[in-house]
Amino acid sequence: MHVYQSPLDLVRERSPERPVALVRPSTVAAAARWFRSNFSGDVLYAVKANPSPWMIRALIENGVTGFDVASLSEVALVAQQAPGAHMAFMHPVKSRAAIRAAYCDYGVRTFALDSHEELAKIITATDTAKDLNLIVRLAVDASGAAYSLSGKFGVSTLEAPFILLAARRATQDLMGVSFHVGSQCMRPSAYQAAMAQTSRALVRAGVFADVVDVGGGFPSVYPGMVPPDLSEYVAAIERGFNDMMVHDTTELWCEPGRAFAAESASILTRVEQRKGDALYLNDGAYGSLFDAAHAKWRFPVKHHRADGQARGAPKAFQFFGPTCDSIDHMPGPFWLPDDVAEGDYVEVGMLGAYGVAMATRFNGFGDIDTVQVGDAPMASLYGLAPRSIPTPRHETSAVIKLPRAKSKKRRRR
């Protein structure tokens, strides 16, 4: 991987044709140190946030040796990059072939489930193995999160006791519970509330959990979203754990994804054309800017020009990606100098999580280069940069108004 001191050095030296992921392994090291020092239990990285090999290696080098995997491909990736690492197959719905291969070929022993059908599938695919760690995922209230993840997976707390009892009887090793409060959770107390719901389900089932996995949801910094200090999340989890009906040897797990990865990368895109307040970029909704399009997140941006700095006043822009699809649109607003022009580069920050991981090959686009840079991220929860991202005081939406087609008036009957 090529190393540059700054994105501008890359622009001046190469004038890249394709989008470039600008990665910062030092931010991964800072996040790993923070969680290892402050979270009292086991930390598993949620690989789906950023499955890049450099990310896996950076975590291993900084003492994070547990991984939350959601597919057989992620299992194989971790096994290749981090032989011997602890893997937990935490997708609640898996194919029998994936379960069998994970267990037999890669030594995975931890599997999540949220139904009797999935439990039976795991037992059959592993030939009634008794060395399984079975983690029952519960559906909990996800208020306070930017993305709710409770609609697709998780057994209700009313139905959970029956599955908890079945899982307890099916294994001679660990039986645990997990939940997910939602991605980019902005309310630390959501964890404590979810743990209270989980504890009530365990009491109704009359079983003790060997593992309490609080999942992911730990946030990062984006424009308009400055979360509480991460210490408040850990404190809420500790209070919730202390209030649960668990025994002295019960293990506490967490699965950070965004909190490890968001600061670790930005995306360098090139302006292919400007139309008023619309910039047409070589990356977009089908590439690394999925959340900017579909969730309308206003990621921070920086302007780079090879032959000098732009001097214009800040102006609100919207982005369009390179594909032919009209939904390849990032409304923003994104604030850049008002003299930005074709051939300039726009760096979109805080895209280490769910950036490159979401890219597709639609319309023949999707190729992206990767280089390492030595500058700081645009914001940081770990003291590497400011904790907030400033935005202009009088922020307005940058929207192109398209002419409306004239409609014929209906005659009254």
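Where a number appears in this text, it was derived from the coordinates with a stated rule and is not lab data. Small disclaimer: the values here were computed from a predicted structure and weren't measured. Note: ideal-geometry Cβ built from the backbone for every residue, glycine included; neighbour counts use all protein chains shown.
Label positions at A278 and T391, each projected 7 Å from the Cα along the C-beta direction, are separated by 2.2 nm. Exposure proxy for Y345, Y106, Y354: other Cβ atoms within 10 Å of each Cβ, ordered fewest to most, give Y106, Y354, Y345. Against the chain, whose longest principal axis is taken from its Cα atoms, helix 160-170 shows a tilt of about 60°. The value of relative contact order for the chain, using C-alpha pairs under 8 Å at least six residues apart, is 20 percent.
Taking label points 7 Å from Cα along the Cα-to-Cβ direction, F162 and K130 give a separation of 2.8 nm. Taking the DSSP bridge list for the stretch 25-261 and keeping only pairs wholly inside it, about 10 percent are antiparallel.
Here, P(r) means the percent of Cα pairs in each 10 Å bin from 0 to the largest distance; for the chain it is 5, 21, 28, 22, 14, 7, 2, 0. For the cross-link pairs K48/K302; K48/K130; K94/K121, the ones whose C-alpha atoms lie over 18 Å apart are K48/K302; K48/K130. Over the stretch 25-261, the fraction of Cα-Cα pairs per 10 Å bin, rounded to whole percents and listed from the shortest bin up, is 8, 34, 38, 18, 2, 0.
Here the calculated FRET efficiency for T370 and R200, from their Cβ-Cβ distance with R0 = 56 Å, stands at 0.75, rounded to the nearest 0.05. May I ask you to derive the FRET efficiency for N242 and E117 from their Cβ-Cβ distance with R0 = 45 Å, giving the value to the nearest 0.05? Using R0 = 45 Å, I get an efficiency of 0.85. Computed from Cα atoms, the angle from the helix 189-205 axis to the main principal axis of the chain rounds to 30 degrees. Of all the options H304, H86, H294, the one that moves most in a Gaussian network model of the chain with Cα springs shorter than 10 angstrom is H294. Working note: 222 nm ellipticity from helices only, DSSP H runs with n ≥ 4, each -39,500 (n - 2.57), summed and divided by the residues of the chain, gives -8000 deg cm²/dmol to the nearest 500.
Near M378: Cβ cut-off under 13 Å, other residues only, Lys/Arg at +1 and Asp/Glu at -1. The net charge is +1.
Report, for the stretch 279-362, the % of DSSP beta bridges that are antiparallel, rounded to 5.
Percentage antiparallel, nearest 5: 85.
F299 sits among other residues whose Cβ lies under 11 Å from its own Cβ, and their net charge, with Lys and Arg +1 and Asp and Glu -1, is +1. Taking each residue as 0.36 nm, the span from E61 to D141 lengthens on full extension beyond its C-alpha to C-alpha distance by 25.3 nm.
Other residues whose C-beta falls under 11 angstrom from the C-beta of G321 contribute a net charge of -4, scoring Lys and Arg +1 and Asp and Glu -1.
Here is the list for the stretch 211-297: trypsin sites (Lys or Arg not before Pro) lying in DSSP coil, each with at most 12 other C-beta atoms within 10 angstrom of its C-beta, are K296. Here the residues I123, I135, ranked from fewest to most Cβ neighbours within 10 Å of their Cβ, fall in the order I123, I135. Couplings 3J(HN,Hα) of the stretch 233-244, computed from phi: 5, 4, 5, 5, 5, 4, 5, x, 5, 5, 8, 6 Hz, in residue order, whole Hz [Karplus 6.51 cos²θ - 1.76 cosθ + 1.60, θ = phi - 60°; x for Gly and Pro].
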